[in-house]
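Heads up, the thing below is written out as structure tokens.
No lab work stands behind these numbers, since they all come straight from the coordinates. Because the structure is a prediction, the values reported are computed rather than measured. Cβ: placed from backbone, ideal geometry, glycine included. Neighbour counts: every protein chain shown.
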Amino acid sequence: MVPDVFGRRALRWSVVTAAPRPPAGDQWGDTVFARDLVAALERAGQRASVVFRGAAESEARERDDVVIVLRGLRRFTPRRVRQGRPLWMLWVISHPELVESGEPEGYDAVFAASAHWSRAAEFDVPVTPLLQATDPERFRPDAGTPDSGPARLFVGSTRGEYRPSVRAAVEAGLALDIYGVGWDAYLPADRIAGDFLDPAALPAAYASASVVLNDHWADMAREGFLSNRLFDAAATGTRVVSDPAAGLADVFGDVVRTAPDAAGLVEILQADPDDAFADRAARLALAQEVARSHSFDARAAVLIERARALR
């Protein structure tokens, strides 16, 4: 028997993501999230691996102790050897509108990356809020030199739309470094910094940028599914501006600025950053709080405790 950090038998975990296998899956944020969670579980003495969508419902899952499904774009059906084995946990991290009626009831435990999900009360199983997270070993204030990078930075794909925050900045004539897939449909090549920013380079990019832009899908903002980008960027101590989202101020206070519309965003972005945002000391205090309360290690501890209780 191999003990975990609590002196008990280490459990075997599969972290299921809707992303395809690499190399295509390497550009999915869900893949990065899954790998960070696996690393945190292993630091806690568990045995864990990422499972991509093609193997999510395979016979191999029957050999796991715990399967945790990161619910995004795809629904997965739990596969069991017998009742309660393996344990199946559902963690809704994005696209809550896609969760189907009766879906959560197929799981032993259900978590949602929101404390404000209006549909949570509809299900016949309890839904525990468990927000998204960051890795503070990578996303930290000393990952880059403040204000040495781009004046304004946005990292994210188009999602098939001209995302409002990017559009507002571009149409106002503001300099903005943009990384992500699909922007060539909306912008000339000279306005795009790159199709892909390697996750290893992301902490330094955030830490060195003067301002990082964030936005949400409309339903995720309304239902309080706070973007993973908020946690990563805030953990570096950089300045962050976002669209409003339910519960955002509960986590980030007034250190992360919110703009209710395009005009408000442009006003913030055109101002002197030192005047428009909280000072460095306040941002560093938030970074410390994010590292303490919203790390993947903190999330893994919750999941492990629930798995132990259910077993």
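Laid out as a table, the results:
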quantity: Selected from Asp250, Asp64, Asp297 as most flexible by GNM, with the chain as the system and alpha-carbon contacts under 10 Å; calculated: Asp250
quantity: Size-normalised alpha-carbon gyration radius of segment 10-153, reference 2.2 N^0.38 Å; calculated: 1.14
quantity: Computed over the chain: relative contact order in percent, which uses C-alpha pairs under 8 Å that are six or more apart; calculated: 16
quantity: Extreme residue, positive dipole direction of the chain, given options Phe296, Ala151, Ala39 (C-beta unit charges); calculated: Ala39
quantity: Dipole magnitude of segment 101-193, debye to nearest 20 (Cβ charges: Lys/Arg +1, Asp/Glu -1, about Cα centre); calculated: 400
quantity: Alpha-carbon gyration tensor eigenvalues x 5, square-rooted, for segment 149-283, Å; calculated: 21, 17, 15
quantity: Ratio Rg/Rh, restricted to segment 174-244 and using Cα atoms, in which Rh is the Kirkwood radius; calculated: 0.97
quantity: Inter-probe distance in nm under a simple model that places probes 7 Å from Cα toward Cβ, at Ala185 and Ala172; calculated: 2.5
quantity: Relative contact order for segment 92-221, counting Cα pairs under 8 Å that sit 6 or more residues apart, in percent; calculated: 28
quantity: Electrostatic dipole magnitude of segment 48-132 [Cβ: Lys, Arg +1; Asp, Glu -1; Cα centre; debye, to 20]; calculated: 240
quantity: Ranked packing of 209-216, 299-306, 96-103, most packed first, by mean Cβ within 10 Å; calculated: 209-216, 299-306, 96-103
quantity: Dipole in debye (nearest 20) - segment 141-293, about Cα centre, beta carbon charges: Lys, Arg +1; Asp, Glu -1; calculated: 160
quantity: Rounded tilt (10° steps) of 29-43 against the dominant C-alpha axis of the chain; calculated: 60
quantity: Shape parameters for the chain, alpha-carbon atoms, Rg then Dmax in Å; calculated: 19.7, 62
quantity: Positive-pole candidate from Val15, Ala218, Ala193, dipole of the chain, charges at beta carbon; calculated: Val15
quantity: Computed [θ] at 222 nm, helices only, for the chain once each DSSP H run of length n ≥ 4 contributes -39500 (n - 2.57); calculated: -8000 deg cm²/dmol
quantity: For segment 203-311, average projected area of the Cα convex hull in nm²; calculated: 7.7
